[in-house]
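The values are calculated or read from the model by the stated rules, or taken from the named source; none is laboratory data. Owing to the predicted nature of the structure, the values given are computational and were not obtained by experimental measurement. These area figures cover heavy atoms from the full protein model, side chains too; ligands, DNA and RNA do not enter into them. Shrake-Rupley method; radii C 1.70, N 1.55, O 1.52, S 1.80 Å.
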Amino acid sequence: MQCRSGCGACCTAPSITSPIPGMPNGKAAGEPCIQLLEDYRCAIFGDPARPIVCADFTAEEYICGNNREEAINILSHLEVATSPINTRSLKRKYQ
């Protein structure tokens, strides 16, 4: 599948912990990347400064859905499902 024109969900929904030009600490989930242009294209696509996680992302129907809204929902769900759990909440009651 080719990236959908006017989408940019992968530049918005997931968190990115590696540095991005203009965002040295990465970005939080749901925060648009500073490199995301108004037409939802990446300003640094193909640039070696682009984070590896971005360069390695491949558009797939099961991730991107049928439109931007579906892609945001799927990627947001995956972000929550794969976020580290607060281990303090997992302490056993009886230690």
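Points worth noting:
- Computed lengthening from residue 74 to residue 53, 0.36 nm per intervening residue step minus Cα-Cα distance: 5.8 nm
- Helix-only CD estimate at 222 nm, as mean residue ellipticity for the chain, using -39500 (n - 2.57) per DSSP H run (n ≥ 4): -6500 deg cm²/dmol
- For the chain, the solvent-accessible area works out to 74 Å² per residue, with a probe of 1.4 Å and every protein chain left in place.
- Length-normalised contact order of the chain in % [C-alpha pairs under 8 Å, at least 6 apart]: 30
- Counting 0.36 nm for each residue step from residue 4 to residue 29 and taking away their Cα separation leaves a gain of 7.0 nm.
- Element breakdown for the chain at a 1.4 angstrom probe: carbon and sulfur atoms account for 54% of the accessible area.
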